[in-house]
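Input: a single structure, listed below in structure tokens.
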Amino acid sequence: MPEVGARALFEAAFDSRVTTQMIEACIREIYREERIERDRLEPDLVNQLYRVQEFNWGGLRQNNLEQTIVDNYVKKIRNYDRLCQSIDNELLVSMRGYVICSWYNHWTSIIIEDVFKEHPDVLPAVGLVKKIDFFVRDVPFDLKVTYLPEGYLAKERKGAGERPEMTLLKQVARRRGLPIPADLADADLLPDLWAKAEDDPSEDARAVIEQLRAFRNTVVDGIAEDPTDLIRWLYENQGDRRFDAANRLFLVLVDQRNYFDSWKLKRAKPLITEEIREYLDDCGERPGRNITFTWEGTEYGVVSDVVLVRQMAVRR
């Protein structure tokens with residue numbers, strides 16, 4: 001067959017009788033063939049995911065693994081024996097946590113994407129298409145799985161005139177003589193103090209926890225009613241390296257029995273499937289919300305939405 005240039009191929013495709021319906025049918029068939037093996041292995045995979053009992057990156061965050069090793073081991077330690085000891089006692093433990101968390105995130109994300117892609121109103125993106133995972137009734141979306149952001153919660157508390165959660169938990173810890181670790185970052189200290197206050201039998205501690213939980217539940221109820229403010233916050237608080245203004249569909253996981261266990265819901269396939277299907281069945285002909293947000297002085301417009309998946313302490 002003679003070589004054909006890109007321009008000629010484009011013209012041939014443009015002038016051909018290939019319809020949109022034929023292209024979509026081809027894409028669905030490609031996805032169906034890719035899905036067969038994953039579908040066969042998925043029940044055991046979900047079972048394996050439930051064996052993860054802790055979600056701890058071990059101090060090694062995504063996208064800065066090499067930098068963390070260089071800063072904390074390569075440049076910091078001068079003694080060879082101490083370096084080897086630190087690797088055995090610290091780095092290998094941290095690496096194990098990092099790999100487990102990465103493994104958990106990878107496979108749960110694939111399972112969740114497949115739930116979307118199997119819906120009749122969703123067209124999968126074939127291959128690696130930048131910033132597009134699938135189309136919902138012809139609207140392209142990049143899927144983002146997240147939890148109730150602590151930063152957004154802090155903003156809501158400040159807006160309501162409430163003191164920060166950390167302040168209230170430290171105060172009750174001091175009143176009750178509960179230990180406050182000095183070596184934990186705020187992200188780890190908050191659930192630590194929350195758990196200690198929740199386990200304390202005093203009315204003082206119980207009242208604080210009930211107040212904090214009630215406020216969080218109110219925020220979640222507000223998101224369920226109208227997620228516009230959360231969506232705008234998520235866009236405006238992206239990291240510099242990950243900024244983009246692509247259409248995003250946010251799957252927000254919230255375990256109201258224990259907010260700090262929300263990561264476990266990523267493997268709760270029946271619950272996730274139920275909420276995703278309900279959203280897709282009811283989202284109308286033009287899914288998503290028209291959202292404007294500001295980034296470094298520039299205003300952007302996107303189509304975005306939230307699928308809220310929550311596990312409630314008491315079923316309504």
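Observations
- Annotation note: of 271, 212, 280, the sole residue that is within 30 Å of residue 162 (Cα to Cα) and either part of a helix (DSSP H, G or I) or at pLDDT 95 or above (or both) is 212.
- Unique residue being without any contact (Cβ under 8 Å) to a residue 60 or more places away in the chain, in contact with a Phe, Trp or Tyr (Cβ under 8 Å, 6 or more places away or on another chain), surrounded by 13 or more Cβ atoms within 10 Å (Cβ to Cβ) and in the same structural domain as residue 302 (by TED's automatic domain parsing) when the list is 231, 209: 209
- For the stretch 234-263, the set of residues classified as within 16 Å of the chain's Cα centre (by Cα), in a helix (DSSP H, G or I) and in contact (Cβ under 8 Å) with a residue 60 or more places away in the chain consists of 234, 235, 259, 260, 262, 263, listed by residue number.
- Boolean, residue 78 is modelled with pLDDT of 90 or more and not assigned by TED's automatic domain parsing to the domain that holds residue 271: yes
Quick grid of which residues meet (1) of a type in the set (D, E, K, R); (2) farther than 30 Å from residue 192 by Cα:
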residue: 99; (1), (2): no, no
residue: 102; (1), (2): no, no
residue: 107; (1), (2): no, no
residue: 115; (1), (2): no, yes
residue: 134; (1), (2): no, yes
residue: 139; (1), (2): no, yes
residue: 142; (1), (2): yes, yes
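- Residue in the stretch 290-313 that is in a helix (DSSP H, G or I) and surrounded by 19 or more Cβ atoms within 10 Å (Cβ to Cβ) present: no
- Test result for residue 188, modelled with pLDDT under 95, surrounded by 12 or more Cβ atoms within 10 Å (Cβ to Cβ) and part of a helix (DSSP H, G or I): yes
- Criterion violated by residue 167 - all others in (1) surrounded by fewer than 16 Cβ atoms within 10 Å (Cβ to Cβ); (2) within 21 Å of the chain's Cα centre (by Cα); (3) among the hydroxyl-bearing types (Ser, Thr, Tyr) satisfied: (2)
The values are calculated or read from the model by the stated rules, or taken from the named source; none is laboratory data. Computed from a prediction, not measured in an experiment: that's the story for all the values here. Because the Cβ atoms are built from the backbone with ideal geometry, glycine has one as well, and the counts that use them run over all protein chains shown.
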